[in-house]
Structures are given as structure tokens and as C-alpha cells.
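Engineer: The structure's right below; bear with me while I get my questions together.
The values are calculated or read from the model by the stated rules, or taken from the named source; none is laboratory data. Since this is a predicted model, take the numbers as computed values, not measurements. A quick note on method: Cβ atoms are made from the backbone with ideal geometry, for glycine too, and the neighbour counts reach across all protein chains shown.
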Amino acid sequence: MFIGVSWWASSYPGAEPGGGSYIAQRIFACKDEKNAVLASLFFNVAHYALRPWPWIVVALCALVLYPHGVAGPDGVIDPELGYVQTLVDHLPASLRGLMLAGFLAAYMSTIGTQLKPRRFLPHQRPLPALHPAGRERTALRHISRVMTGVVLVLAALVTR
């Protein structure tokens, strides 16, 4: 729990020292200090107080509609499936498609960020034994691709 709270408090978007890029974007776009303070305040209120409410309301409705959970594909009752079942049972087909597209976009955004090839070993020197004769750039590409594959396999194992 301590590690999770420490991570959230230090690297959650907007919680970086000085507010991070979200707050900086709003401050730099303002014409004066008063507007910068108001923009920062509006962002924090909207980001932390307004944005989560649709999820909270749906989750509370799911708790009321499915108090014991929903049977999963294997027949076992799973309380975590209530949120998705609420969407399936109570949204029209067009909005279900929009929600599915939103979930897939969020998932692909996360996976795309995690699997950027240059993310692994960006400033490391490749091992000379692997690629002698000054082919550092080629070696770095190969090592990055291998590490991307390793992370992809590990992610598949963890999320299955």
C-alpha cells in the first residue's frame, strides 16, 4: 500500500513537482498570472472532482443492480463484472460501441506507451561483443526490439 500511494503521489499525471506538463500547459497558455491561477484551479477541480463522477455513478448503479456480482464465462460469480454488465444491459447499441472503442483506445494507448522501442536502453551503450565494428545504432535497435518483445510477453502473462 505504501509503494502504491508513494507512486501515485509522486508520478500520477499532474502530481509531478511543480504540477507537471498538464499544469504547465495551462499556465503558459494564459495571458497573465490571475488567469494562470484560475486555469490551474479549474483544471484541478475538473480533473479530480468532476471527471470521475460518471464512473462513480455507474459503479454505484452496478452495486445496486448486481449486489452479488455477475457470472463470468466460466460460470463463477465475479463482482468486478458488474460494471461491464451494467453497460451491456443499459446502454443502447450505439453507445455500447462508443464505450468499447473508448476502452480499446485506452488499452492501446497504455500498451503503445509501454512498448515504445526507444524506451528501453535509450542511453546505454550496446555490448561490443554483440555488435563490433561501430554498429552501435543497429545494436541498440536490436536490443530495443528484443526488450520490447520480452515486455510484451511478460505483459501478456500478467494480464491473462
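Engineer: All but one of (1) on the phi > 0 side of the Ramachandran plot; (2) at pLDDT 85 or above hold for Val88, so report the exception by its number.
Structural biologist: Single failed check for Val88: (1).
Engineer: Residues being modelled with pLDDT under 80 and loosely packed, with under 11 Cβ neighbours inside 10 Å: count how many of those fall in the stretch 131-157.
Structural biologist: Matching residues across the stretch 131-157 total 5.
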